[in-house]
2 protein chains.
Amino acid sequence: MEVETVPAVKGRPREFCVDQALAQALHVFWAKGYDGASMTDLTEAMGITKPSLYAAFGNKEALFHKALDLYEAEKLEYTRAALQQPTARKVAEYYLRSGVDVHAAEGDPHGCMGLMSSLACSPEAESIKADVIRRRASSQRALVERFEQAKREGDLPAHIDAEGLMSFLYAILQGITVQAGAGATRAELEKLVDTSLALWPSA
Amino acid sequence: MEVETVPAVKGRPREFCVDQALAQALHVFWAKGYDGASMTDLTEAMGITKPSLYAAFGNKEALFHKALDLYEAEKLEYTRAALQQPTARKVAEYYLRSGVDVHAAEGDPHGCMGLMSSLACSPEAESIKADVIRRRASSQRALVERFEQAKREGDLPAHIDAEGLMSFLYAILQGITVQAGAGATRAELEKLVDTSLALWPSA
DNA sequence: CGACTTCCATAACGAGCGGTATATAATAGG
DNA sequence: CCTATTATATACCGCTCGTTATGGAAGTCG
């Protein structure tokens, strides 16, 4: 999978890097939300003009979906890595501590891009909401299965409801992202995580 | 404090009820968020024209703040009632069960108006965010004090961090409102509450 | 009955939105 | 060199936004 140094396409070559421009667009969407990010915001941050944007990405909605793909691949990778942890408790701890790392990071916007786009987006953005909710449901399903495996392996009490526990863990994570977006300090978020883990059921 | 049946004002009397119109506006803001609710949405739901709205409420932002006042007074009253419960556990249970009742009610929009307005609002609505966050902070302070009282009264273990527990309870509530807004069923939300309460620290 | 005051209805304002038509510049193949 | 193809740059489109000016309708006061 070598990058072709010679473009082998006919016309004038584009003068910007698509991946880099997409990363800038992600940053804008993350900071301002789908509706709040105007095409002017986006093109200025991406360093390209509107026709270039439309030629390369389609339209605003398509750009957002591609940005969301990048966001999940880069920033939400921890939701997959967490499942590999040996015990349910460690899964939860990995989930929450990584959640704090990602959603209260120094150089990135605070809060969760998916959450802020699943709420509050208003007019035509129903497809955005649906996309985010669909992705979230997939992640939640994996978490339920992981907890049922943990029950079988004995590191979760048998009386625990896996779906309830997943919903619980997800709620904590959502609370983390909400509070991070509202300006909570990292110390406050870590205290929240510590408190949550102190209450986590032990086998 | 009698209602004056004779207006005693000079000009033409207004033809709509301000309180009722505000209630309609609240419903629209709750369902669509600050940015998502257009003046046309609002005036249509309120049954009045734009000049009437501006004369009675000032502008969109002032209308929102008044709607938020009404929302807190009517729908978030439970956050104050919860503090009166005799034990910290009952405070938490009252908080969470009322949260489900309010944010997944039949006739009202699902999710929390304050939360959806504190996230994602975009351009000029910074003052909205600040207002919501300020109100939230006041509620959170009361909860911390209630938990410290509970520690003194012995119905919370002494090693518990009151701020951490408040942040935890708030995160669950925020998770409830997020999941309610995303279409979670009432049964799912109640399962989340049951799981959370099962993990609540006992004295 | 005016005079005055307040409210309602229509229509319009400027600004910003997402999206695009047009013209020009840069590369490839013939 | 010429044509075809693609990217860029400028300017603009129609639309909706929040907000307001204007004219008339509906009241109280003298």
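Hey, which lysines would be in cross-link range of residue B:151, C-alpha to C-alpha under 25 Å, not counting anything within fewer than 8 residues on its own chain?
Here the lysines satisfying the reach criterion relative to residue B:151 are A:191, B:90.
Against the longest alpha carbon principal axis of chain B, how many degrees, from 0 to 90 and to the nearest 10, is the axis of helix B:18-36 turned?
The angle comes out at about 70 degrees.
Check each residue of the range A:73-120 and keep those whose accessible area, probe 1.4 Å, is at least 10 Å² smaller with all protein chains in place than in the chain alone; give them in order of residue number.
A:115, A:116, A:119, A:120
Which value, in Å² and to the nearest 10, is the accessible area of residue B:166 when all protein chains are kept and the probe is 1.4 Å?
Accessible surface of residue B:166 is approximately 20 Å².
Taking a ≥ b ≥ c as the square roots of the Cα gyration tensor eigenvalues, with a/c under 1.5 meaning rounded and otherwise prolate when a/b beats b/c, else oblate, which class fits chain B?
prolate
Mind grabbing the accessible area of residue B:194 for me, 1.4 Å probe, Å², rounded to tens?
The accessible area of residue B:194 comes to roughly 80 Å².
Carbon and sulfur together cover what percent of the accessible area of the range A:50-203 at a 1.4 Å probe radius?
50
Putting +1 on Lys and Arg Cβ atoms and -1 on Asp and Glu Cβ atoms, find which of A:36, A:183, A:118 reaches farthest to the positive end of the dipole of chain A.
Of the options given, the answer is A:118.
In degrees between 0 and 90, to the nearest 10, how far off the longest principal axis of chain B does helix B:60-75 point, with axes built from Cα atoms?
Result, in degrees: 50.
Would you mind getting the accessible area per residue of chain B, heavy atoms of the protein chains only, 1.4 Å probe, in Å²?
49
Report the charge-dipole magnitude of chain B in Debye, nearest 20, computed about the Cα centre from +1 at each Lys and Arg Cβ and -1 at each Asp and Glu Cβ.
Its charge dipole is roughly 220 debye.
For peptide A:178-185, what's the mean number of Cβ atoms from other chains within 10 Å of each residue's Cβ?
5
222 nm [θ] for the protein assembly as shown, helices only, -39500 (n - 2.57) per DSSP H run of 4+, per residue, to 500? Don't skip to the answer; put the middle values down first.
Values: 20 runs with 277 residues, N = 406.
So the helix-based figure for the protein assembly as shown works out to -22000 deg cm²/dmol.
What are the ³J(HN,Hα) couplings of the range A:187-201, residue after residue, when phi is run through the Karplus curve with 6.51, -1.76, 1.60 and θ = phi - 60°? Round to Hz, x for glycine and proline.
Whole-Hz 3J(HN,Hα) from phi for the range A:187-201: 4, 5, 5, 5, 5, 4, 5, 4, 4, 4, 6, 5, 8, 4, x.
Between residue A:55 and residue A:73, what length comes free when the chain is fully extended (0.36 nm per residue of separation minus the Cα-Cα distance, one decimal in nm)?
Here the segment from residue A:55 to residue A:73 would lengthen by 4.1 nm.
Chains B and A: buried accessible surface, both sides, probe 1.4 Å, rounded to 100 Å²? Mind dumping the intermediate values first?
On the way: alone 11250 and 11270 Å², together 19730 Å².
Using a 1.4 Å probe on protein heavy atoms, the buried area is about 2800 Å².
With +1 assigned to the C-beta of every Lys and Arg and -1 to the C-beta of every Asp and Glu, and no other charges, what is the dipole magnitude of the protein assembly as shown about the Cα centre in debye, to the nearest 20?
120
Roughly how many whole Å is it from the C-alpha centroid of the range A:122-199 to that of the range B:6-64?
Answer, in whole Å: 39.
So which lysines pass the test for residue B:32, namely a Cα distance under 20 Å, with those fewer than 8 places away in the same chain ruled out?
A:32, A:129, B:50, B:60, B:66, B:75, B:129
Which angle between 0 and 90 degrees, to the nearest 10, do you get for helix A:126-153 versus the longest principal axis of chain A when only C-alpha atoms count?
30
What longest region of chain B stays clear of trypsin sites (Lys or Arg not before Pro) that DSSP places outside H, G, I, E and B and that have at most 14 other Cβ atoms within 10 Å? Can you show the working numbers first?
Numbers: sites that count: B:10, B:14.
Between the exposed loop sites, the longest stretch runs B:15-203.
Relative contact order for chain A using alpha-carbon pairs under 8 Å, separation at least 6, rounded to a whole percent?
22
The values are calculated or read from the model by the stated rules, or taken from the named source; none is laboratory data. Bear in mind that the values here come from a model prediction, so they are computed numbers and not experimental data. Here Cβ is always computed from backbone atoms with ideal geometry, including for glycine, and neighbour counts include all displayed protein chains. Each accessible area value is taken on the protein alone, full model and side chains, heavy atoms only, with ligands, DNA and RNA left out. Shrake-Rupley method; radii C 1.70, N 1.55, O 1.52, S 1.80 Å.
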